[in-house]
Amino acid sequence: MAFLSNYNCAWDETFWGANLSGTRDGIRKRRAGAEDIEIGRKIRALRLERGLSQSQLAEGIGLTFQQVQKYEKGANRVSAGRLQQVADLLHVPITYFFGHMGARAKKEALPSTVSLLQTKGAVRLMRAFTEIASRATKYALVVLAESLRDREKKEKGSDSRNG
C-alpha cells in the first residue's frame with residue numbers, strides 16, 4: 001500500500017471535482033467552497049437571531065471564538081460532527097444548513113433571507129419592528145425605508161452618469 005501514499009494525479013482531482021490544496025502528512029485537504037461559505041452564513045445568521053456572541057457559541061461547542069469566526073466567514077470547513085453540535089446548540093435540525101444549497105450557494109443567486117439578515121443592523125431593525133404594535137406605524141416604517149432606498153438608488157444613478 002506504500003505506493004498509494006504518493007499517489008497524486010491532477011486528472012483524478014479534476015474527475016472527482018475535488019477542490020484540494022496543500023498536504024498534511026501525505027493527506028490532501030479540501031478548501032472551503034461555496035457550500036461551506038453558505039453554511040457559515042447560516043451559522044452566523046442563526047447565532048445573531050438567538051442573540052449569541054461568537055464567544056458564547058464557541059464555548060457551547062468547545063472551540064475558540066476565532067474558530068467560529070473562521071466557520072462563519074467560510075475560511076474553514078465545518079465537520080459533520082461539529083455542525084451537529086452547532087445545530088443542537090442553536091435548536092435547529094442539521095438539515096437546516098443544507099436547505100437551498102445548489103443555486104443559493106452561487107454568487108449570482110438572489111440574496112436569501114439568511115444573507116439579508118447578515119447586513120449590519122438588520123437583526124436590530126427586525127427586532128425593533130416586531131415590537132411595534134401599531135400596524136400604521138409598521139406600514140409607515142416600511143414606506144420610509146423604501147423611500148430612502150429609492151432616493152439612494154436615484155443618487156447613485158445620477159452619480160454614475162456624471163462621473
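Every read-out reported here was derived from the displayed coordinates using simple, explicitly stated rules and does not represent laboratory data. Not measured: the values here are computed from a predicted model.
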- Grab the Cα-Cα distance for LEU148 and SER55, subtract it from 0.36 nm times how many residues apart they are, and report the gain in nm with one decimal. 30.0 nm
- Using the structure shown, select from LYS73/LYS138; LYS42/LYS153; LYS70/LYS120 the pairs with a Cα to Cα distance greater than 21 angstrom. LYS73/LYS138; LYS42/LYS153
- Relative contact order of the stretch 40-101, defined on C-alpha pairs under 8 angstrom at six or more residues apart (%): 34 percent
